[in-house]
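The values are calculated or read from the model by the stated rules, or taken from the named source; none is laboratory data. What you are looking at is a predicted structure, and each value in this text was computed from that prediction instead of being measured. Every residue, glycine as well, gets a Cβ built from its backbone with ideal geometry; the counts of neighbours run over all protein chains shown. Only protein heavy atoms, including side chains, enter the accessible area calculation; ligands, DNA and RNA are left aside. Shrake-Rupley method; radii C 1.70, N 1.55, O 1.52, S 1.80 Å.
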Amino acid sequence: MRTVGRRLTVIGALSAVALAACFTPNGSERGTTASAQAATGSSGIHKIKHVVIIMQENRSFDHYFGTYPGADGIPMRDGHPEPCVPDVQPGSPCVRPFHATSMVDRGGPHGAVDASKDIDGGKMDGWLFLHPHQAATCANPTNPACGGGAAVMGYHDEHEIPNYWNYARTFVLQDHMFQSDASWSFPQHLYMVSEWSAVCDTPDPMSCQAAINNVGKAVNTHAFLDGKPIPAQFQWTDLTYLLHRNHVSWAYYIMDGNEPDCADGEMNCPPRHLGPTTPGIWNVLPGFATVQQDGEMKNVQSLRNFYTAAHNGTLPAVSWICPALKYSEHPPARVDDGQAYVTGLIDSIAQGPDWNSTAIFLSWDDWGGFYDHVPPPRVDDQGYGIRVPGLVISPYARRGYIDHQVLSQDAYVKFIEDDFLGGARIDPKTDGRPDRRPNVRETLPQLGNLVSDFNFNQTPRPPFVLPNAMIWKGP
């Protein structure tokens, strides 16, 4: 064993037996249609007793999987990227996507206004028109208003992210997974647990109004300070309200460390601590009135508890896992550090008693300003946002399958509701807590069904373990 820094330890060796069991000579199910998928054991969703959502940070689909074989990746002509994005500088040549080999990237601006400029009415050519000199004026490079320049056109492949590509080859890659909202991390993490991003004037959920751009300005920043009382900022209904009411166990695992971005929307701020008792842009559940009123604050826990639960076979029915900055892949965090951390999470599940009944959904919360060529569908005033990578890892996941369905991270909530809640939705007309959300995201006709990524008729596949995994040991 070797130690990386003081906090991470390499675990495990590559399991040759597991690899041999997972690959076949053909090794692929890419040709399966959605209708055929839905016909194979959809009722078997209840074989999944544990859903684990791993949410990393700030990468677009083309940035990580734009050259993955068979995926809807960067258009190529004669083996070279075809798109050429115009440069903001007069007389400068356009910039094509290029292979970026560094483990440290600089992303681009990625607020709601920036998403609109990137998309440019569906032309997907606005990346280099965003604050070309902003990076030089930003003391905090993790701020969503910072970054930019030609670096956002870079992409990685299996040379930089071999484990992620290995998961795609072995399990399921989703190449039309769109961010739920077209904005930055804070509203996206609100969506991850509640299907909405809003601000509230009073404790009445009906006072909440949709908010997506610079939503952090409306948040009481005193709620983000260690040792201070935590006022309920978010009055609308989140998924844990339904889980609690139906006696479904859940946990939100947080890594202690630093968190990027400024909670109040300012350009610069000192690093802020992230942990179970410090709500923030990546730890939003303590700010929900329902979590406080239901006495569920204890379910927001240190990441240490996740490793214990995975080892002991005591994972809750629903888990969310969010990192601290160093292992988040949020620029300028290193790509390899984040990949090793995620591999450690997945290996911990694979080596534990709950593997045979677990579905792992791995995604990245927003595009981080990086190039992507696919225009997102518009479903309402808040989204969808730009494509992000999506992976499904499970003993029941299809082998080497590329899911071309239109998906958003709302599909995770839909899967959880179908598996554990009998299809009940976060719906103000039925959940007992009226609010002003404009729609029920899980029921939108554009949204595909994650059941299609599984074959519940197959014998559970053996545990799949990859090398160079890191277990977080705490600060």
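Look at (1) open to solvent by less than 10 Å² (accessible area, probe 1.4 Å); (2) modelled with pLDDT under 95; (3) not in a loop (DSSP other than H, G, I, E, B) and you find that SER183 fails only one, number (3). The selection criterion, being closer than 17 Å to MET55 by Cα and either open to solvent by 10 Å² or more (accessible area, probe 1.4 Å) or small (Gly, Ala, Ser) (or both), does not hold for SER357.
Picking from residues in the range 70-81 that are among the aliphatic types (A, V, I, L, M) and not in a strand (DSSP E or B), the one that is surrounded by the fewest Cβ atoms within 10 Å (Cβ to Cβ) is ALA71. Within the range 95-116, residues that are in contact (Cβ under 8 Å) with a residue 12 or more places away in the chain reach partners that are part of a helix (DSSP H, G or I) and open to solvent by 70 Å² or more (accessible area, probe 1.4 Å) with beta carbons closer than 9 Å, at six or more positions or on different chains, in the pairs PRO109/LYS117. Among the candidates PRO316, PRO332, the residue that is open to solvent by 40 Å² or more (accessible area, probe 1.4 Å), more than 23 Å from VAL199 (Cα to Cα) and either in contact with a strand residue (DSSP E or B) (Cβ under 6 Å, 6 or more places away or on another chain) or in a loop (DSSP other than H, G, I, E, B) (or both) is uniquely PRO332. Would you mind stating whether ARG425 is touching a strand residue (DSSP E or B) at 6+ places or on another chain (Cβ under 7 Å), touching a residue at least 12 places away in the same chain (Cβ under 8 Å) and within 18 Å of VAL193 (Cα to Cα)? Taking the combined requirement at face value, the residue does not satisfy it.
Considering the range 377-402, and only residues there that are surrounded by fewer than 22 Cβ atoms within 10 Å (Cβ to Cβ) and assigned to a loop (DSSP other than H, G, I, E, B), the residue that is modelled with the lowest pLDDT turns out to be ASP381. Every listed requirement among (1) touching a Pro at 6+ places or on another chain (Cβ under 8 Å); (2) charged (D, E, K, R); (3) closer than 30 Å to ALA211 by Cα is met by ARG461 save one, (3). LYS217 is checked against (1) modelled with pLDDT of 90 or more; (2) open to solvent by 50 Å² or more (accessible area, probe 1.4 Å); (3) of a type in the set (D, E, K, R) and fails just one. What number does that condition carry? Of everything listed in (1) modelled with pLDDT of 90 or more; (2) open to solvent by 50 Å² or more (accessible area, probe 1.4 Å); (3) of a type in the set (D, E, K, R), LYS217 misses just condition (1). Here TRP364 passes the criteria (1) more than 17 Å from the chain's Cα centre (by Cα); (2) closer than 20 Å to MET470 by Cα except the one numbered (1). All told, THR278 meets the bar of being at pLDDT below 95, among the polar types (S, T, N, Q), open to solvent by less than 10 Å² (accessible area, probe 1.4 Å) and over 18 Å from the mean Cα position of the chain (by Cα).
Here GLU417 meets each of (1) among the charged types (D, E, K, R); (2) assigned to a loop (DSSP other than H, G, I, E, B); (3) touching a residue at least 24 places away in the same chain (Cβ under 8 Å) with one exception, condition (2). The residues listed here are ASP238, ASP294; of these, the one that is open to solvent by less than 10 Å² (accessible area, probe 1.4 Å), acidic (Asp, Glu) and modelled with pLDDT of 95 or more is ASP238.
Residue pairs whose Cβ atoms lie under 8 Å apart, separated by 6 or more positions or on different chains, with the first residue in the range 336-358 and at pLDDT 95 or above and the second in a helix (DSSP H, G or I) and of a type in the set (Val, Ile, Thr), are TRP355/ILE349; THR358/ILE349. All of VAL300, VAL318, VAL284 fail the test of being modelled with pLDDT under 95 and of a type in the set (A, V, I, L, M), apart from VAL284. Test VAL374 against the criterion of being of a type in the set (A, V, I, L, M, F, W, C), in contact with a strand residue (DSSP E or B) (Cβ under 7 Å, 6 or more places away or on another chain) and surrounded by fewer than 24 Cβ atoms within 10 Å (Cβ to Cβ), and give yes or no. For VAL374, the condition - of a type in the set (A, V, I, L, M, F, W, C), in contact with a strand residue (DSSP E or B) (Cβ under 7 Å, 6 or more places away or on another chain) and surrounded by fewer than 24 Cβ atoms within 10 Å (Cβ to Cβ) - is met.
Determine whether ASP410 is in contact with a Lys or Arg (Cβ under 7 Å, 6 or more places away or on another chain), charged (D, E, K, R) and either surrounded by 22 or more Cβ atoms within 10 Å (Cβ to Cβ) or more than 23 Å from ASP175 (Cα to Cα) (or both). Yes; evaluated as a whole, the condition is true for this residue.
Conditions tested, residue by residue: (1) surrounded by fewer than 16 Cβ atoms within 10 Å (Cβ to Cβ); (2) at pLDDT below 95.
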| residue | (1), (2) |
| --- | --- |
| SER28 | no, yes |
| THR33 | yes, yes |
| LYS49 | yes, no |
| ASP62 | no, no |
| PHE65 | no, no |
| PRO83 | no, no |
| ARG96 | yes, no |
| THR101 | yes, no |
| ASP114 | no, yes |
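Inspect the range 160-178 for any residue being crowded, with 21+ Cβ neighbours inside 10 Å, in a loop (DSSP other than H, G, I, E, B) and among the hydroxyl-bearing types (Ser, Thr, Tyr) and give the result as yes or no. The answer is no, given that none of the residues of the range 160-178 is crowded, with 21+ Cβ neighbours inside 10 Å, in a loop (DSSP other than H, G, I, E, B) and among the hydroxyl-bearing types (Ser, Thr, Tyr).
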